[in-house]
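The values are calculated or read from the model by the stated rules, or taken from the named source; none is laboratory data. Just so it is clear, the structure is predicted and the values come from calculations on it, not from any experiment. Neighbour counts are summed over all protein chains in view; Cβ atoms, including those assigned to glycine, are modelled from backbone coordinates with ideal geometry. The area values use the complete protein model at the heavy-atom level, side chains included, leaving out ligands, DNA and RNA. Shrake-Rupley method; radii C 1.70, N 1.55, O 1.52, S 1.80 Å.
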Amino acid sequence: MKSDKILSKPLCIGFLVCAFVYGLVLPFLWGNDPASELGTLSLLCEDRKGWFWLWGILTSGSLILNTQYMYKSYKIKNKWFDAMCALGFISMCLIALTLGHSIEDWNQKRLAHWIATGVFIVFTMAPIALFFIAYRKRFEHFNILAVCTFIILGTFVVIFATVGKSALMEMVPIALMEVFMFVVNFTTLVKKKEKEKVEV
């Protein structure tokens, strides 16, 4: 299996665009209010699991593909980052498998759902943020890109603090990350250039 075929530019962009559009449309279907506490994708899709699985595969898959494409673009191979990407996808599957839990109490299924959600967030963002941090001395602009990643992650907290638990916590940060990955991978705004070594 050749990575060049899997990590092709058209596939990565196509996956990213589909995930972006679907992620912004799904929370509004069936008269759902994304700003409502009961408007989260988990509740919206508890009886429409196929729709959630599609969202999860597109969302996690597009970000993992584009994270791997980014590594390839910078000619970096790191097994720990690859493992984190895999854990991110596995945790998304666990989120989908724990749909349909009661929200009246902290039952085992609900607890597993929340833990899987937390793991998904961590292992989706970490392979990106840690990449910029780990190689910040080698590539230009990596400090800025790392800060941008943490700002996007911070939108989870901002939305929760201002709006509360809602689908907006799922929509906005993920959409921002998808746009961010597109900019990093497929525009000239981010130069894939190593820093010049200064001889003393």
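Please indicate, with yes or no, whether at least one residue in the stretch 134-147 is within 23 Å of Tyr22 (Cα to Cα) and among the hydrophobic types (A, V, I, L, M, F, W, C). Looking for residues that are within 23 Å of Tyr22 (Cα to Cα) and among the hydrophobic types (A, V, I, L, M, F, W, C), one finds none in the stretch 134-147, hence no. Restricting attention to the stretch 36-72, the residues being over 19 Å from the mean Cα position of the chain (by Cα) and either basic (Lys, Arg) or closer than 26 Å to Phe186 by Cα (or both) number 2.
Pairs linking a residue in the stretch 145-157 that is over 15 Å from Ala126 (Cβ atoms) to a residue that is aliphatic (A, V, I, L, M) and buried (at least 19 other Cβ atoms within 10 Å of the Cβ), with Cβ atoms under 6 Å and 6 or more positions apart or on different chains, are Thr155/Val172.
Quick one: which residue in Thr155, Thr162 is more than 15 Å from Tyr74 (Cα to Cα), surrounded by 15 or more Cβ atoms within 10 Å (Cβ to Cβ) and hydroxyl-bearing (Ser, Thr, Tyr)? Walk me through it before giving the result.
On the way: Thr162 fails: surrounded by 15 or more Cβ atoms within 10 Å (Cβ to Cβ).
Sole residue among the options that is more than 15 Å from Tyr74 (Cα to Cα), surrounded by 15 or more Cβ atoms within 10 Å (Cβ to Cβ) and hydroxyl-bearing (Ser, Thr, Tyr): Thr155.
Residue count for the stretch 48-99, restricted to those that are assigned to a loop (DSSP other than H, G, I, E, B) and either modelled with pLDDT of 95 or more or open to solvent by 40 Å² or more (accessible area, probe 1.4 Å) (or both): 3. Residues in the stretch 103-144 that are without any contact (Cβ under 8 Å) to a residue 12 or more places away in the chain and under 15 Å from Val184 (Cβ atoms): Arg136, Phe142, Asn143, Ile144. Among the residues of the stretch 1-30, none is identified as modelled with pLDDT of 90 or more, open to solvent by 60 Å² or more (accessible area, probe 1.4 Å) and of a type in the set (Gly, Ala, Ser). Look at (1) among the aliphatic types (A, V, I, L, M); (2) under 20 Å from the mean Cα position of the chain (by Cα); (3) closer than 23 Å to Ile64 by Cβ and you find that Ile159 fails only one, number (3). Counting the residues of the stretch 100-125 that are assigned to a loop (DSSP other than H, G, I, E, B) and aromatic (Phe, Trp, Tyr) gives 1.
Residues in the stretch 160-185 that are touching a residue at least 60 places away in the same chain (Cβ under 8 Å), small (Gly, Ala, Ser) and assigned to a helix (DSSP H, G or I): Ala175 only.
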